[in-house]
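A quick write-up on the structure given underneath.
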Amino acid sequence: ADFDAKKKRKVAEIYRALNSDPIDVATLRRMAISEGGLLTDEIRCKVWPKLLSVNTDDLPPLPAGKELREDNKDYQQVLLDVRRSLRRFPPGMPDDQREGLQEELIDIILHVLKRNPQLHYYQGYHDIVVTFLLVVGDRLATALVEKLSTHHLRDFMDPTMDNTKHILNYLMLIIDQVNPEVHDFMQSAEVGTIFALSWLITWFGHVLSDFQHVVRLYDFFLACHPLMPIYFAAVIVLHREQEVLDCECDMASVHHLLSQIPQDLPYESLISKAGDLFVQFPPSELAKEAAQAAQAERTAASTFKDFELASVQQRPDTVLRQRFRERLRGEERLRGEERTKTILTKPRTNRFVKLAVMGLTVALGAAALAVVKSALEWAPKFELQIFP
């Protein structure tokens, strides 16, 4: 009963934020991040567009599928992927209903690609699109996915995988900040980060079997910075610390272990931890780590000022930061003692040399640009001084 009362209060708060003038986006972000996310698909239909600033009053009509499919270079690949996507539809859904949705799925993807020739289709993209289709229906899904593809997913839709690989490299940087032992073990096993590729590029839609968990994560990711999925990936690896360290230290074993994602993860506490890590080690800090590793102190990544400068209440990391600060007050003293202990007991190999081995080219490399770009997206009025 307590849970129901809490839920009722949350629903009321969400509708208050939606009905206020102007719409209270900061509160909507907080609701999407906080425990339970946005609760129902009915609410998601109203809130997701606000989180992506998509105007729902004037959605373009969808073109007829036939003209989209003729002479479209991606059609065959999209068709194959969508045909294989059976398990992304609710079990027990009648075949004809599912087939209808699969046709809509193909049309949405081709429509977005046709309107944005700079975007390149990748395998796994359909896993993201189907999530939106099932929650908000085809017309709204098309608008949301288009916005997402030109913003959050932009780096995955380049002609090459370079930017995606750079983002994956952040996974090891985050793990190293939090748990050097797990990081060093993974480095020794030479496992790399490919095990997390499908997590990242499908926002975990491809690897989690419970649809409710998937949409809960989408609430979180839509309310946050575009790099949040890589923090969440790091948190999953860190959560499995013991299993990782008990594993044979070779590539095949560690890769096998990590690529099998447990289905019973404690999602709420992991979401909370990912938010905390984002605040402690924001992307600009990670870029600095990488830059120092490459001894490239004068490049964009290390000189560009953290986008704290652009701190407007609407920005998602502000919401996270507030939450984090409240929790931190209680934990600060403990953590200080813990940290001193670890520093005293854990000899580190030269971290910067090791980071350099990770091959993050930061001489104005893609990682730096991705961070700069996402900073601009959150704060268009803020002029970034890339160079001192």
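The values are calculated or read from the model by the stated rules, or taken from the named source; none is laboratory data. The structure displayed is predicted, hence computed values, not measured ones. Note that each Cβ is placed from the backbone with ideal geometry, even for glycine, and that neighbours are counted across all protein chains shown. For the accessible areas, the whole protein counts, side chains as well, though only heavy atoms, and no ligand, DNA or RNA atoms are used. Shrake-Rupley method; radii C 1.70, N 1.55, O 1.52, S 1.80 Å.
Points to keep in mind about this one:
- Couplings 3J(HN,Hα) of region 12-29, computed from phi: 4, 5, 4, 5, 4, 5, 5, 8, 6, 10, x, 4, 8, 5, 4, 5, 4, 4 Hz, in residue order, whole Hz [Karplus 6.51 cos²θ - 1.76 cosθ + 1.60, θ = phi - 60°; x for Gly and Pro].
- At q = 0.16 Å⁻¹ the log10 of I(q)/I(0) for region 23-71 amounts to -0.58, computed by Debye summation with a single uniform scatterer per C-alpha, solvent ignored.
- Cα shape, region 160-313, gyration tensor, a/c 1.5 rule: oblate
- Applying a threshold of 21 Å to the alpha-carbon distances of Lys50/Lys165; Lys10/Lys46; Lys50/Lys273; Lys66/Lys147; Lys6/Lys50; Lys50/Lys114 flags Lys50/Lys165; Lys50/Lys273; Lys66/Lys147; Lys6/Lys50; Lys50/Lys114 as lying beyond it.
- Each residue was assigned an accessible area with a 1.4 Å probe, and for Glu42 the value is about 120 Å².
- Here the calculated FRET efficiency for Glu67 and Ala12, from their Cβ-Cβ distance with R0 = 41 Å, stands at 0.35, rounded to the nearest 0.05.
- Solvent-accessible surface of protein heavy atoms, probed at 1.4 angstrom with all chains present, puts Tyr121, Tyr231 in the order Tyr121, Tyr231, largest first.
- A dipole drawn for region 1-155 from +1 and -1 charges on Cβ atoms has a positive end, and of Val136, Ala5, Leu86 the residue lying farthest that way is Ala5.
- Whole-percent carbon and sulfur share, accessible surface of region 1-155, 1.4 Å: 51
- Charge context of Val130, other residues only, Cβ under 13 angstrom, K/R +1, D/E -1: -1
- For Leu133, the accessible area of its heavy atoms, probed at 1.4 Å with every protein chain present, is near 10 square angstrom.
- Accessible surface for region 148-292, divided over its residues, is 32 Å² per residue with a 1.4 Å probe.
- Per residue, the accessible area of region 59-144 comes to 49 Å² when a 1.4 Å probe rolls over the protein heavy atoms.
- Assigned charges on the beta-carbon of Lys, Arg, Asp, Glu; region 46-93 dipole about Cα centre (debye): 400
- Ratio of Rg to Rh over region 132-241 (Cα coordinates, Kirkwood Rh, two decimals): 1.00
- Remark: accessible surface ordering of Asp57, Asp219, Asp162 (largest first) is Asp57, Asp162, Asp219, probe radius 1.4 Å.
- Taking amide H as placed 1.01 Å from N in the peptide plane, the amide H of Tyr122 sits under 5 Å from none that are at least 5 places away or on another chain.
- Region 1-155, dipole about Cα centre (Lys/Arg Cβ +1, Asp/Glu Cβ -1), debye to the nearest 20: 560
- Taking His166, His206 and ordering them by how much accessible surface each has at a 1.4 Å probe, largest first, produces His206, His166.
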